[in-house]
Amino acid sequence: MKIAFVDESHVYLNGEKCLLYGAYICSDLSRSSQALIEIRNKFKLSQDIEIKWTIDTGDAVLNSNIKEDLLCQSHGYGDEFLVSITCGKDKNYAFNRCLEQVYNHFKIRSEETYGVIFDHDVTPNKQKAAAQVMSFSEKPYCLLFAEAASELTAGISVIDGFLGAYAYMIHKQDIEKQPKIEAHPELYLRLDEFFWEIFRRSIPGEFRWDHSYSEYEDVAKVDTGYCHTLGHGLVVDPDLTAEQFKRIEPFIDLHLGCTI
């Protein structure tokens, strides 16, 4: 049974603070758990330091190195990420939208069952959230719905890091001066581009390509193939203004070919 680990954050769209929810669809919990153990050992972190996007060891360089390993090493093949953006401050509503997205994802993937583990801050009304899950009367069936302490749950650490990176990409997309990462020897990427490279193949959606690119379908698919994530990997509040939606548009169609 696959498990969706859910956490929440926020994102600013055209000056308005919106709720940002994410789900990490984990195919192998032992992999992410082992990755977090290795990160803790590698950087000699005490047990009272939680590995997350806002980690603060007192050393900015160390914080950056830990986050890089969290984003790069803690997930792998078969894992996926879902994003949900909701206007306003109603966490009950936002979490329920996320739960519906998770359900639909597993339905698309033809799963029989699934589980949801969520951070304690994602909703002030767990009973309402449980009722939402129970309202899904058709397969797949949710057989695990539980709150967990983020500091003790590897999957929540993974989704916390993802949400931090996703919000960073949205906020910094038009900022020219950014830190750069050496993605390959002597090949440096802006930090938001680096995050995009890490996650662009892990947000699900509909595969599309430019049919006019080449008479050879295989060539066209390889060179122009992209994932249209809107409505699956990415769901947005229909109440977003046109200007707010423009901030999201660059993250809807994710190119799948080689870029580095």
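The values are calculated or read from the model by the stated rules, or taken from the named source; none is laboratory data. Note that the coordinates shown come from a computational prediction; the quantities given were computed from them, not determined experimentally. As a convention, Cβ positions derive from the backbone with ideal geometry for all residues, glycine included, and neighbour counts pool all protein chains shown. These accessible areas exclude ligands, DNA and RNA; they are computed on the full protein's heavy atoms, side chains included. Shrake-Rupley method; radii C 1.70, N 1.55, O 1.52, S 1.80 Å.
Give me a count of the residues in region 221-234 that are open to solvent by 30 Å² or more (accessible area, probe 1.4 Å) and among the hydroxyl-bearing types (S, T, Y). Here the count works out to 1.
For every residue, the table says whether it meets (1) among the aliphatic types (A, V, I, L, M); (2) crowded, with 18+ Cβ neighbours inside 10 Å; (3) over 18 Å from the mean Cα position of the chain (by Cα).
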position	(1), (2), (3)
K52	no, yes, no
K67	no, yes, no
E80	no, yes, no
V83	yes, yes, no
G88	no, no, yes
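For region 100-137, taking the residues that are touching a residue at least 40 places away in the same chain (Cβ under 8 Å) and among the aliphatic types (A, V, I, L, M), the one that is nearest to H10 (Cα to Cα) is identified as V122. If you check D160, D218, D237 for being open to solvent by 70 Å² or more (accessible area, probe 1.4 Å) and either among the charged types (D, E, K, R) or within 25 Å of S74 (Cβ to Cβ) (or both), only one passes: D218. For region 1-12, a residue qualifies if it is hydrophobic (A, V, I, L, M, F, W, C) and surrounded by fewer than 23 Cβ atoms within 10 Å (Cβ to Cβ), and the qualifying residues are M1, I3, V11. Scanning region 163-194 for residues that are of a type in the set (V, I, T) and either in a strand (DSSP E or B) or free of Cβ contacts under 8 Å to residues at least 40 places away in the same chain (or both) yields I175, I181. Step by step: first the residues of region 132-149, then only those that are among the aliphatic types (A, V, I, L, M) and over 15 Å from F106 (Cβ atoms), then the one that is surrounded by the most Cβ atoms within 10 Å (Cβ to Cβ). Which residue is that? Looking at residues that are among the aliphatic types (A, V, I, L, M) and over 15 Å from F106 (Cβ atoms), I get A148. Among the residues examined, D48 qualifies as farther than 22 Å from M169 by Cβ, part of a loop (DSSP other than H, G, I, E, B) and charged (D, E, K, R). Restricting attention to region 13-32 and to residues that are surrounded by 17 or more Cβ atoms within 10 Å (Cβ to Cβ) and among the small types (G, A, S), the residue that is nearest to Y103 (Cα to Cα) turns out to be A23. The set of residues in region 195-219 being assigned to a loop (DSSP other than H, G, I, E, B) and not acidic (D, E) consists of R200, R201, S202, I203, P204, G205, W209, H211, S212, Y213, S214, Y216. Evaluation of V133 against the conditions (1) at pLDDT 95 or above; (2) within 18 Å of G78 (Cα to Cα) shows that the sole unmet condition is (2). Kindly check whether there is at least one residue in region 113-121 that is at pLDDT below 95 and surrounded by fewer than 20 Cβ atoms within 10 Å (Cβ to Cβ). Yes, there is a match, as at least one residue in region 113-121 is at pLDDT below 95 and surrounded by fewer than 20 Cβ atoms within 10 Å (Cβ to Cβ). Residues of region 24-80 that are free of Cβ contacts under 8 Å to residues at least 24 places away in the same chain and of a type in the set (D, E, K, R): R40, K44, D48, D56, D59.
Evaluated against (1) of a type in the set (S, T, N, Q); (2) closer than 26 Å to Q34 by Cβ; (3) more than 17 Å from the chain's Cα centre (by Cα), S157 falls short on exactly one condition, (3).
Looking across E193, E206, one residue alone is surrounded by 11 or more Cβ atoms within 10 Å (Cβ to Cβ), over 23 Å from A94 (Cβ atoms) and modelled with pLDDT of 95 or more. It is E206. Scanning region 33-60 for residues that are of a type in the set (S, T, Y) and either under 12 Å from D160 (Cβ atoms) or outside the structural domain of T123 (by the TED database) (or both) turns up just one, T54.
Annotation: V61 fulfils all but one of (1) open to solvent by less than 40 Å² (accessible area, probe 1.4 Å); (2) not in a strand (DSSP E or B); the unmet one is (1). Only one entry of S110, S84 meets the criterion of being out of contact with any helix residue (DSSP H, G or I) (no Cβ under 8 Å at 6 or more places or on another chain), at pLDDT 95 or above and not in a helix (DSSP H, G or I), and that entry is S110.
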